[in-house]
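No value in this document is a laboratory result; all are computed from the given coordinates. What you see is a predicted model; the values in this text were computed from it and never measured. Don't worry about glycine lacking a Cβ; one is built from the backbone with ideal geometry, like all the others, and counts go over all protein chains shown.
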Amino acid sequence: MAKSDWIAYVAPMAAFMIFTSALEPFFKSQYVWIYSAKIIVVTLLLIFFKKSWSMEFRPDFQALIWGLVIGIGVFAEWILLDKWIPYHHLGSRTALNPFASISNPLQRTIFLAMRFYGLALIVPIMEELFWRSFLLRYITNPEFKQLGLSEFSWGAFWVVAAMFAVSHPEWLVALVCAAAYGLLLRKTNSLFACVVAHCVTNFILGIYVLISKDWKYW
């Protein structure tokens, strides 16, 4: 394994976090453009490093079905547990209401398209590459490329689940989410299944936000 193999998995997530933590909070009035720039940069990084990770995506029908089932289930627990169980969130999201904040219809449409592209495609790919493909295996064995996708230790499973949880304001439901995606990877040995599940969860969540106007979830 080349010593630099980890960069392909970490760089997109690192860029995403720099935009989210170092730019968006200080330029709130420019959030629409900063968010769009963030998603474009992450997309370009994923494309640039695609050769390093593309072989880990092996679509198959069984993985697709499991991904759809787990994705729907995680969406349900994300909304229902968050409403049924009172607990202290770790901060909050931007919660931008595009219909109140963006007066220009064309700009609003472009932002919503970019928001869904990021939410339902780019973030799932980026996060599954980092959390499930890289970090689970790296904590198990720093020579992570020597391991199969599902060959992670249970210690790594819980460390990654905890880290995934504290990286989200809704830490409790994020913990359940991380456990579900990790178990899905263990069962299917398919990163494709995890990406499908994450895409489904986030896409339905986005639709839910638009219908319910519960903007705190994005």
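For the chain, the 222 nm mean residue ellipticity estimated from helices alone, with every DSSP H stretch of n ≥ 4 adding -39500 (n - 2.57) and the total spread over all residues, rounds to -20000 deg cm²/dmol. Relative to the longest principal axis of the chain, what angle (0 to 90°, nearest 10) does the C-alpha long axis of helix 154-166 take? For helix 154-166, the angle is close to 10 degrees. Picking from 205, 147, 175, which is most flexible by a Gaussian network model of the chain using Cα springs under 10 Å? Comparing 205, 147, 175 in the GNM, the peak value goes to 147.
How much net charge surrounds residue 184 when only the other residues with a Cβ under 12 Å from the Cβ of residue 184 are counted, with Lys and Arg +1 and Asp and Glu -1? Spell out each step's value before the answer.
Details: positive: 132, 186, 187; negative: 128.
After counting each charged neighbour, the total is +2.
Select from segment 65-171 those trypsin sites (Lys or Arg not before Pro) which occupy a DSSP coil region and have at most 16 other Cβ atoms within 10 Å, ordered by residue number. Sites meeting the loop and neighbour criteria: 93. Helix 61-84 and the long axis of the chain differ in direction by around 50°, with both axes built from C-alpha atoms.
Lysine pair count for the chain with Cα-Cα distance under 21 Å and sequence separation of 8 or more or different chains is 13. By other beta-carbon atoms within 10 Å, ranking 194, 177, 199 with the fewest at the front produces 199, 177, 194.
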